[in-house]
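Please read the structure below before turning to the comments.
The values are calculated or read from the model by the stated rules, or taken from the named source; none is laboratory data. In this text, all values refer to a predicted model and were calculated from it rather than measured experimentally. With ideal geometry, Cβ positions are generated from the backbone for all residues, glycine too; neighbour counts draw on all protein chains shown. What goes into the accessible areas is simple: the full protein's heavy atoms, side chains included, and nothing from ligands, DNA or RNA. Shrake-Rupley method; radii C 1.70, N 1.55, O 1.52, S 1.80 Å.
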Amino acid sequence: MNDSSARTTAVLDVWCELQCPDCRDALDDLRALRARYGDRLELRLRHFPLEKHRHAFAAAQAAEEAAEQGRSWEYVEAVLGRVEELDRGGEPFLIEIARELGLDAEEFDTALIDGRHILIVDADQAEGKAIGVTGTPTYVIGGERLDGGKSRQGLRERVEEIADRLLAENA
């Protein structure tokens with residue numbers, strides 16, 4: 001067994017919606033957390049599409065297809081960075097982003113038509129509702145829910161505080 005597989009990690013569930021400007025703004029925090037912890041903090045994308053954004057459900061499915069093709073966060077960041085374009089362009093825009101990233105765009109198109117990722121998105125949304133997620137972004141780490149949709153003030157520091165504690169406890 002190599003050392004990296006035995007390393008202690010903490011898990012941060014990121015309840016996100018790809019048509020959400022607040023989630024786009026939270027990318028800086030997520031990048032900073034990645035830079036600080038590397039692979040000791042596992043960022044898990046959890047889907048919570050909001051009804052007020054008509055392309056959010058399709059975007060969540062597209063993000064799952066990107067994960068299937070091994071480029072989840074890269075795709076998520078690309079879409080979030082252009083939420084206004086998603087608002088205007090819908091599914092063709094999601095496929096265009098896949099093409100720009102060198103992913104199999106035809107497979108994205110097929111996945112959005114056949115709905116192969118709907119169950120994952122539905123399950124995430126149901127779990128989110130069950131634990132009290134009401135908006136995005138919402139973070140869950142160490143059993144604590146942090147609502148980034150209401151205020152991002154001090155949020156990254158709180159995540160770091162909990163992550164540091166979890167990593168120390170499990171070292």
Taking only protein heavy atoms and a 1.4 Å probe, the highest-to-lowest accessible-area order of ILE131, ILE162 is ILE131, ILE162
Measure out, as a whole number of angstrom, how far apart the alpha-carbon centroids of segment 81-95 and segment 21-52 sit.
-> 19
Excluding ligands, DNA and RNA, the carbon-plus-sulfur percentage of the accessible area of the chain with a 1.4 Å probe reads 46
Which entry is the computed semi-axes √(5λ) of the Cα gyration tensor in Å for this structure: (i) 38, 23, 16; (ii) 22, 20, 18; (iii) 27, 19, 15?
-> (iii)
From the phi of every residue in segment 17-25, what ³J(HN,Hα) in whole Hz does the Karplus formula 6.51 cos²θ - 1.76 cosθ + 1.60 yield, where θ is phi - 60° and glycine or proline is x?
-> 9, 6, 10, 9, x, 5, 5, 4, 5
Using only protein heavy atoms and a 1.4 Å probe, report how much of VAL11 is accessible, in Å² to the nearest 10.
-> 50
For GLU84 and ALA35 in the same chain, what is the full-extension length gain: residue separation times 0.36 nm, less their Cα-Cα distance, in nm?
-> 14.9 nm
Find how much the distance from ASN170 to GLU107 grows on full extension, using 0.36 nm per residue of separation minus their present alpha carbon separation; answer in nm with one decimal.
-> 18.7 nm
At 0.36 nm per residue, minus the direct Cα-Cα distance, what do LEU50 and ALA123 gain on full extension? Give it in nm, one decimal, please.
-> 24.9 nm
THR134 accessible area, 1.4 Å probe, all protein chains in place, Å² to nearest 10 | 100
Fraction of antiparallel bridges per DSSP, the chain only, in percent to nearest 5 | 55
Over the chain: helical MRE at 222 nm, DSSP H runs n ≥ 4 each giving -39500 (n - 2.57), nearest 500 = -18000 deg cm²/dmol
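About the Cα centre, and with charges only on the beta carbon of Lys, Arg (+1) and Asp, Glu (-1), how big is the dipole of the chain? Nearest 20 debye, please.
580
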Accessible-area value, VAL83, 1.4 Å probe, nucleic acids and ligands omitted, Å² = 10
Measure nothing but the geometry: give the 0 to 90° angle between the long axis through the Cα atoms of 118-130 and the longest principal axis through the Cα atoms of the chain, rounded to 10°.
-> 50
